[in-house]
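The structure appears below as structure tokens.
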Amino acid sequence: MESSVNQPLKAEALRADPRIAEARRLIQEAVADHGSQLTGPKPSDPARQAAFQTLLEKLGATRGGPPFWPYLSSGLGNGPFVELADGSVKLDFIGGIGVHGCGHSHPAMIDGSIDGALEDTVMQGNLQQHPPSIRMSERLIDLAKQNGARMDHCLLSTSGAMANENALKIAMHHKSPADRVIAFDNAFAGRSLAMAALTDKAKYRMGLPLAVQVDYLPFRDQGEPKRSQRWAVDELHRLLKRHPGRYAAFWAEPIAGEGGYYPGSHEFFAALCKPLRDAGIPIIFDEIQSFSRTSMPFAFQHYGLDEFCDIVTIGKITQVCATIYGKDFVPKGPILSQTFTGSSSSIATGMRMLDLLLSENCFGKDGKNMTRHEYMAGHLERLHKKYPELIRGPYGEGMMIAFTPGDGSYDQAKLMMDTMFDTGLMGFVCGADPTRVRFLPPPVTTTHQHIDAAIDLLDKSLQVFAKKLGS
Ligand SMILES: Cc1ncc(COP(=O)(O)O)c(C=O)c1O
């Protein structure tokens, strides 16, 4: 009997159908026509304000608490510009805290979403997967091991918290019955029960039991790198002595994110990772915020920490989250599984995002992430010189960049953030004592012109901020 292997599958024939190509073309054309009109910030339309306010109140009522800020998108944008449902246009330099790596309504994201829509199911899961799930996992493993890290496996998941849960389960299972974890002061790991315990923010675990026992080390202080390193290493040795054999994992963000945009360094992490290695404690890098934002896809690669990475988690900009780990850590029992590993479109758009991050030259010592950082940092320094009492910084690394407004209190940082929002620029608070305002500009689409526009809006916002502080 003749083999039918050369016959296209019905799904292949569907994807190659000229009607699909034509539909894609028409959708892209329509989105570009309408989206290309969004080229700069714009105030809200007075005629839409009452309806917008009603929607915000409904949002508060349905979720059981008011939203952090008055953001409801209209469903259309253009790079870092996004139209809101009140008719305003904002310059979005926070991107859902690092999710929207191409900005808004980007053709590649639309194309990936169409790929996802053409799959037979909305969701992929551990029981029923499709070939793109394998391709995404293989690409992430290849990227993670490109400089020699021992990475062999990848588990997809639908949130950063779940990727971290999987990482912690892998490490704890590997080191059973060890039950303690070492993390950094001001760490943020997500909102599950275990991640709330790992996260160093008392109000995020208000009324919650502590699911994991965690000890904290001070993070690197850029102003005093040697002293802060000595302090962290001494503290680590004290912990290892106090609880011998009890540590199942060291969990670290290579660049402190929610904690306030403090960069790590090779020296700092190597000084901690060597004794951790000697003690046989698995090292987990959480790159859910830092992935894609430095000179390398992973910040642990940017800091040359490949030899120390046992498990790494990613999320946000990759659209689908993942836990990547080495073969020595494969669990011996069925402790890992999920109904959902990702939506068909998040996997398709995640792959497009990886393509674009590479093809847009985001990486490399002189790649766009590092050069745009320099460019924006120079602007922020100039603003500091112009308004020394109102803005300090810059802080951060690559496309994670922050400043401290006013006196560094939460209240003033929130006031500055709200003032920027009203002026048309979106950034978000981070850190505690001082509280900062951070930017996560979309790495794929941010240009120097966008940065100029952001700085112009920031300058205007600082003038309004100064008036509010004075009044
Ligand atoms: C470093 C880090 N880890 C974990 C998370 C949690 O990710 P998710 O909100 O997708 O659960 C975040 C989210 O902000 C993060 O920044």
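The values are calculated or read from the model by the stated rules, or taken from the named source; none is laboratory data. The shown structure was predicted, so the numbers you read here are calculated from the model rather than taken from an experiment. A quick note on method: Cβ atoms are made from the backbone with ideal geometry, for glycine too, and the neighbour counts reach across all protein chains shown. Just the protein is used for accessible areas: all its heavy atoms, side chains included, with ligands, DNA and RNA removed. Shrake-Rupley method; radii C 1.70, N 1.55, O 1.52, S 1.80 Å.
Based on this model, can you work out whether residue 187 counts as farther than 19 Å from residue 429 by Cβ and within 15 Å of the ligand (Cβ to nearest atom)?
On the way: farther than 19 Å from residue 429 by Cβ: no; within 15 Å of the ligand (Cβ to nearest atom): yes.
No; evaluated as a whole, the condition is false for this residue.
Touching a residue at least 40 places away in the same chain (Cβ under 8 Å) and outside the structural domain of residue 291 (by TED's automatic domain parsing): which single residue out of 92, 152, 120 fits that description? Before the answer, list the steps.
Working: 152 fails: outside the structural domain of residue 291 (by TED's automatic domain parsing); 120 fails: outside the structural domain of residue 291 (by TED's automatic domain parsing).
Only one candidate qualifies: 92.
Just to be sure before I move on: is residue 203 within 16 Å of the ligand (Cβ to nearest atom) and open to solvent by 40 Å² or more (accessible area, probe 1.4 Å) in the structure I sent?
Details: within 16 Å of the ligand (Cβ to nearest atom): yes; open to solvent by 40 Å² or more (accessible area, probe 1.4 Å): yes.
Answer is yes for this residue.
Starting from region 46-62, keep only residues that are among the aliphatic types (A, V, I, L, M), then list their pairs with residues that are open to solvent by 90 Å² or more (accessible area, probe 1.4 Å) whose Cβ atoms are within a distance under 9 Å, requiring at least 6 positions of separation or different chains.
So the pair list comes out as 56/66; 59/66.
Counting only residues that are open to solvent by less than 10 Å² (accessible area, probe 1.4 Å) and in contact with a helix residue (DSSP H, G or I) (Cβ under 7 Å, 6 or more places away or on another chain), which one in region 274-285 is farthest from residue 252 (Cα to Cα)?
It comes out as 282.
Being open to solvent by 10 Å² or more (accessible area, probe 1.4 Å) and under 18 Å from residue 95 (Cα atoms) is the filter here, so list the residues in region 397-420 that pass it.
Those that are open to solvent by 10 Å² or more (accessible area, probe 1.4 Å) and under 18 Å from residue 95 (Cα atoms): 397, 414, 418.
Somewhere in region 116-137, is a residue away from the ligand (no atom under 16 Å from the Cβ), open to solvent by 10 Å² or more (accessible area, probe 1.4 Å) and under 19 Å from residue 30 (Cα atoms)? Can you show your working first?
Keep residues of region 116-137 that are away from the ligand (no atom under 16 Å from the Cβ), which gives 116-137.
Going one step further and asking which of them are open to solvent by 10 Å² or more (accessible area, probe 1.4 Å), we end up with 117-123, 126-132, 134-135, 137.
Subsequent filtering for residues that are under 19 Å from residue 30 (Cα atoms) retains 117.
Yes, region 116-137 has at least one match.
Just name the residue that is surrounded by the most Cβ atoms within 10 Å (Cβ to Cβ) out of those in region 362-396 that are within 19 Å of residue 261 (Cα to Cα) and aromatic (Phe, Trp, Tyr).
If we take residues in region 362-396 being within 19 Å of residue 261 (Cα to Cα) and aromatic (Phe, Trp, Tyr), then 395 is surrounded by the most Cβ atoms within 10 Å (Cβ to Cβ).
Considering only residues that are free of Cβ contacts under 8 Å to residues at least 60 places away in the same chain and either out of contact with any helix residue (DSSP H, G or I) (no Cβ under 7 Å at 6 or more places or on another chain) or under 24 Å from residue 163 (Cβ atoms) (or both), look in region 241-267 and name the one that is nearest to the ligand (Cβ to nearest atom).
At the first step, the residues of region 241-267 found to be free of Cβ contacts under 8 Å to residues at least 60 places away in the same chain are 241-242, 244, 254, 264-267.
Now drop any that are not either out of contact with any helix residue (DSSP H, G or I) (no Cβ under 7 Å at 6 or more places or on another chain) or under 24 Å from residue 163 (Cβ atoms) (or both), which leaves 241-242, 244, 254, 264, 266.
On the way: 241: 29, 242: 27, 244: 29, 254: 10, 264: 13, 266: 20 Å.
So, considering only residues that are free of Cβ contacts under 8 Å to residues at least 60 places away in the same chain and either out of contact with any helix residue (DSSP H, G or I) (no Cβ under 7 Å at 6 or more places or on another chain) or under 24 Å from residue 163 (Cβ atoms) (or both), the one nearest to the ligand (Cβ to nearest atom) is 254.
From 359, 290, grab the single residue that is surrounded by fewer than 24 Cβ atoms within 10 Å (Cβ to Cβ) and either away from the ligand (no atom under 13 Å from the Cβ) or at pLDDT 95 or above (or both). Step through it out loud before you land on a result.
Details: 290 fails: surrounded by fewer than 24 Cβ atoms within 10 Å (Cβ to Cβ).
359 is the lone residue from the list that is surrounded by fewer than 24 Cβ atoms within 10 Å (Cβ to Cβ) and either away from the ligand (no atom under 13 Å from the Cβ) or at pLDDT 95 or above (or both).
Is there a residue being of a type in the set (A, V, I, L, M) and either open to solvent by 10 Å² or more (accessible area, probe 1.4 Å) or away from the ligand (no atom under 15 Å from the Cβ) (or both) anywhere in region 295-302? Steps first, answer last, please.
From region 295-302, those of a type in the set (A, V, I, L, M) are 296, 299; that's our starting set.
Next, only the ones that are either open to solvent by 10 Å² or more (accessible area, probe 1.4 Å) or away from the ligand (no atom under 15 Å from the Cβ) (or both) stay: 296.
Checked region 295-302: at least one residue is of a type in the set (A, V, I, L, M) and either open to solvent by 10 Å² or more (accessible area, probe 1.4 Å) or away from the ligand (no atom under 15 Å from the Cβ) (or both).
In contact with a Cys (Cβ under 7 Å, 6 or more places away or on another chain), open to solvent by 20 Å² or more (accessible area, probe 1.4 Å) and at negative phi: which single residue out of 258, 224, 267, 235 fits that description?
Answer to the selection: 258.
Among the candidates 60, 75, 65, single out the residue that is outside the structural domain of residue 318 (by TED's automatic domain parsing) and part of a loop (DSSP other than H, G, I, E, B).
Numbers: 60 fails: part of a loop (DSSP other than H, G, I, E, B); 75 fails: part of a loop (DSSP other than H, G, I, E, B).
One residue alone meets the criteria, 65.
Can you tell me which residues in region 212-236 are farther than 19 Å from residue 302 by Cα, touching a strand residue (DSSP E or B) at 6+ places or on another chain (Cβ under 9 Å) and outside any helix (DSSP H, G or I)?
If the condition is that a residue be farther than 19 Å from residue 302 by Cα, touching a strand residue (DSSP E or B) at 6+ places or on another chain (Cβ under 9 Å) and outside any helix (DSSP H, G or I), then 212, 213, 214, 215, 216, 217, 218 are the ones that fit.
Please indicate, with yes or no, whether at least one residue in region 339-352 is open to solvent by 10 Å² or more (accessible area, probe 1.4 Å), assigned to a loop (DSSP other than H, G, I, E, B) and either in the same structural domain as residue 294 (by TED's automatic domain parsing) or in contact with a Ser or Thr (Cβ under 6 Å, 6 or more places away or on another chain) (or both).
Taking every residue of region 339-352 in turn, at least one turns out to be open to solvent by 10 Å² or more (accessible area, probe 1.4 Å), assigned to a loop (DSSP other than H, G, I, E, B) and either in the same structural domain as residue 294 (by TED's automatic domain parsing) or in contact with a Ser or Thr (Cβ under 6 Å, 6 or more places away or on another chain) (or both).
Could you please give the count of residues in region 321-332 that are hydroxyl-bearing (Ser, Thr, Tyr) and away from the ligand (no atom under 13 Å from the Cβ)?
Restricting attention to region 321-332, the residues satisfying the condition of being hydroxyl-bearing (Ser, Thr, Tyr) are 323, 325.
Next, from what is left, pick out any that are away from the ligand (no atom under 13 Å from the Cβ): 325.
Number satisfying all stated conditions: 1.
So residue 150 passes all but one of these: (1) away from the ligand (no atom under 14 Å from the Cβ); (2) open to solvent by less than 60 Å² (accessible area, probe 1.4 Å); (3) not in a strand (DSSP E or B); (4) not β-branched (Val, Ile, Thr). Which condition number does it fail?
Only one criterion is unmet by residue 150, namely (2).
Suppose we keep only residues that are assigned to a loop (DSSP other than H, G, I, E, B) and in contact (Cβ under 8 Å) with a residue 40 or more places away in the chain within region 163-178. Which one would you say is most open to solvent (accessible area, probe 1.4 Å)?
We begin by selecting, within region 163-178, every residue assigned to a loop (DSSP other than H, G, I, E, B); these are 175-178.
Now drop any that are not in contact (Cβ under 8 Å) with a residue 40 or more places away in the chain, which leaves 175-176, 178.
Numbers: 175: 57, 176: 84, 178: 10 Å².
Top of the filtered list is 176.
How many residues are surrounded by 10 or more Cβ atoms within 10 Å (Cβ to Cβ) and either part of a helix (DSSP H, G or I) or of a type in the set (Asp, Glu) (or both) when one looks only at region 30-46? Steps first, answer last, please.
First, the residues of region 30-46 that are surrounded by 10 or more Cβ atoms within 10 Å (Cβ to Cβ): 30-32, 34-45.
Filter again for either part of a helix (DSSP H, G or I) or of a type in the set (Asp, Glu) (or both), leaving 30-32, 34-35, 45.
Number satisfying all stated conditions: 6.
If a residue has to be open to solvent by 10 Å² or more (accessible area, probe 1.4 Å) and within 16 Å of the ligand (Cβ to nearest atom) to count, how many in region 303-320 make the cut?
The qualifying residues number 3.
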